[in-house]
Amino acid sequence: MGKSLYAGVDLGGTSMSAVIANSRGKVLGESDTATDKSSWRVTVDQVIEQIERAAKDAGIKPSKLEAIGVGAPGAADPKTGVVHRAPNLGWKDVPLGEILSEHFGVPIAIGNDVQVAIMGEHAFGAAEGHSRAVGIWVGTGVGGGLIVDGELDRGHRGAAGEIGHMVLDENGPECPCGRKGCAEAYSSRTSMERDVKALISSGKKSVIPALMKEKKKTRMTSSVMERALEADDAVMKQVLARAQHHLGLLAGNIVNLYDPEVIVIGGGVAARLGESFVAPIRETARTRFLKPDPKGKISITHATLGDYSGALGATVLAKKHA
Ligand SMILES: [Zn+2]
């Protein structure tokens, strides 16, 4: 059992990483690179190269892998391995599973990046050993996933876990999904960046534009956010507090619906800020619990695998499909 090895790929719009791991989540080899989006085929070839490099790093031939799993940023069909929509990659109907299967000759499993990361946290991280868990992933958007009876639950049509589009105020800010007042419209990194810009345009002073320039970033990345907080930036603090408040309302709604053992908050922002990001979310959420929880039986915590949640989760997906 311990000898079975799996490859897992976390395919993101900015960067991608591959790991080789055993069934206990021990990483034996890894590789990562910036994502080249010049064409879908170029990106797919990069995925192949990263798997080969990680295998080399682990000292094995890719043909010895039991299976390969990939978490892709969009809607993937786990049966056909086709990635139907992945706007962050500019992909539409890319037969990723088929191409990888032809190249490597081993079973391939493709899933949604956020759901795969939650599988990783459930297998080896913050939700390990829990049968009822929920993941809230804060990044460009707000994604989510549901663990029911110890398994990722994809729902009746494969559409479950879209926690970011729970509506918190139907007259709230516009959401990329075309509706208004979804949790994502308040709490994604993109929404926080919009709010920062609005406060700066209204005359508030902030170190954020200078930090973005210094770091040569066109977006307000989690590292820029971290630096702004270290500098005690009032705009950053105000915007973050608003996002955290709405994530707290969201987490409270989830507890009232599903009463999970644990809510894991992950993604780039949570990975950077850790407990300081989660604490205010937990505090707000707990005020919304219909059934009080004086003994703290429900844990609201941050992901613990850091940059590995996605790639290790992809090895879990691979193992389930091998
Ligand atoms: Zn929405």
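The table that follows gives values for the structure above.
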read-out	value
ASP93 more than 15 Å from the chain's Cα centre (by Cα), without any contact (Cβ under 8 Å) to a residue 12 or more places away in the chain and assigned by TED's automatic domain parsing to the domain that holds ARG219	no
Check on VAL239, surrounded by 14 or more Cβ atoms within 10 Å (Cβ to Cβ) and under 20 Å from the mean Cα position of the chain (by Cα)	no
In segment 5-52, the residues that are surrounded by 15 or more Cβ atoms within 10 Å (Cβ to Cβ) and part of a loop (DSSP other than H, G, I, E, B)	GLY12, GLY13, SER23, GLY25, THR35, LYS37
So HIS165, is it free of Cβ contacts under 8 Å to residues at least 40 places away in the same chain, in the same structural domain as ASP259 (by TED's automatic domain parsing) and in contact with a Lys or Arg (Cβ under 8 Å, 6 or more places away or on another chain)	yes
Of the criteria (1) among the β-branched types (Val, Ile, Thr); (2) in contact (Cβ under 8 Å) with a residue 60 or more places away in the chain; (3) touching a Leu at 6+ places or on another chain (Cβ under 6 Å), which one THR301 fails	(3)
Any hit, segment 75-84, residues being in contact with a His (Cβ under 9 Å, 6 or more places away or on another chain) and within 23 Å of THR304 (Cβ to Cβ)	no
Residue match in segment 286-297 (condition: hydrophobic (A, V, I, L, M, F, W, C) and surrounded by 24 or more Cβ atoms within 10 Å (Cβ to Cβ))	no
Within segment 256-266, tally of residues that are in a helix (DSSP H, G or I) and either buried (at least 21 other Cβ atoms within 10 Å of the Cβ) or modelled with pLDDT under 95 (or both)	0
Selected residue (only one of ASP32, ASP45 is acidic (Asp, Glu), within 29 Å of ILE147 (Cβ to Cβ) and either assigned by TED's automatic domain parsing to the domain that holds ALA314 or without any contact (Cβ under 8 Å) to a residue 12 or more places away in the chain (or both))	ASP32
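The values are calculated or read from the model by the stated rules, or taken from the named source; none is laboratory data. Note that the coordinates shown come from a computational prediction; the quantities given were computed from them, not determined experimentally. Cβ coordinates were reconstructed from backbone atoms using ideal geometry, including for glycine residues, and neighbour counts include every protein chain displayed.
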